[in-house]
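Structure first, commentary second.
The values are calculated or read from the model by the stated rules, or taken from the named source; none is laboratory data. Here the structure is a predicted model, which is why all the values come from computation and not from measurement. All Cβ positions, glycine included, derive from the backbone under ideal geometry; neighbour counts span all protein chains shown.
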Amino acid sequence: MTIAVFLDRDGTLNVEKGYIRNVDDLELIPGVAQSVRKLNDAGILAILTTNQTGAARGFYDLSHIDDLHQRLAELLQDEAGARLDAVYSCPHLAKGIVPELAIECSCRKPMPGMILQAVEHFPQIDLPKSYMLGDKASDVAFAHNAGCQSVLLKTGYGDRVLAGKYQVLESQPQFVFADMPQAVEMILQKP
């Protein structure tokens, strides 16, 4: 069996800037590329799982989300020789204005669809020993709904979530860390 670390994008890997309309505005949070590389070197799957509703809201095309993920991959590679093992994103939003994306789905966090897709592609994933790292209450619920361990990071919206000023934690995260590098160090020390 294999451990996976499921990663939110905005506020976890890159600096939270709202809807990124210019690909060049995507900026890594310090230390995350090295952390992804440590997961790579340890044989732990690093899998992106991210809600991306900008297209459903009409801010940009679906292809822009792919372009952002390509930019993310380039930055991780350039900074630390790091790679994501897979990328899953949910572009849906029931109240969106783009009809084909304005749907109820099972892949939008906190629904577990993206993690379940990952398990289909990587059946060796041991969910109870795997982790979801994110900065929102929906990331914590996503982890719990999928049966993996939840890590709330204080980057992005994390501090506001913990202060009760953004989203509501329906269940408490199993771990809270300042940032992804701290969380990855804990994960790497687990037996």
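GLY54 passes all but one of (1) touching a residue at least 40 places away in the same chain (Cβ under 8 Å); (2) under 20 Å from PHE142 (Cβ atoms); which number fails?
(1)
When ASP135 is evaluated against the numbered criteria (1) touching a helix residue (DSSP H, G or I) at 6+ places or on another chain (Cβ under 7 Å); (2) of a type in the set (Asp, Glu); (3) without any contact (Cβ under 8 Å) to a residue 12 or more places away in the chain, which criterion, by number, is the only one it fails?
(3)
Those residues that are among the charged types (D, E, K, R) and either crowded, with 19+ Cβ neighbours inside 10 Å or in contact (Cβ under 8 Å) with a residue 40 or more places away in the chain (or both), I need them from region 61-77; list them, please.
ASP67, ARG71
Among VAL151, VAL140, which is under 16 Å from LEU39 (Cα atoms) and at pLDDT 95 or above?
None of the other options fit; the residue is VAL151.
Within the set of pairs 6 or more residues apart or between chains, which connect a residue that is more than 19 Å from LEU7 (Cβ to Cβ) and modelled with pLDDT of 95 or more inside region 158-177 to a residue that is of a type in the set (Ser, Thr, Tyr) and in a loop (DSSP other than H, G, I, E, B) with Cβ atoms less than 8 Å apart?
ARG160/TYR166; TYR166/TYR157
With GLY81, GLY31 as the choices, which residue is surrounded by fewer than 19 Cβ atoms within 10 Å (Cβ to Cβ), under 24 Å from LYS154 (Cα atoms) and not polar (S, T, N, Q)?
Answer to the selection: GLY31.
Every residue in region 128-147 that is of a type outside the set (Ser, Thr, Tyr) and surrounded by 20 or more Cβ atoms within 10 Å (Cβ to Cβ), please.
MET132, LEU133, GLY134, ASP135, LYS136, ALA137, ASP139, VAL140, ALA141, PHE142, ALA143, ALA146
Could you go through region 92-108 and let me know if any residue there is surrounded by 16 or more Cβ atoms within 10 Å (Cβ to Cβ) and under 27 Å from GLN34 (Cα atoms).
No.
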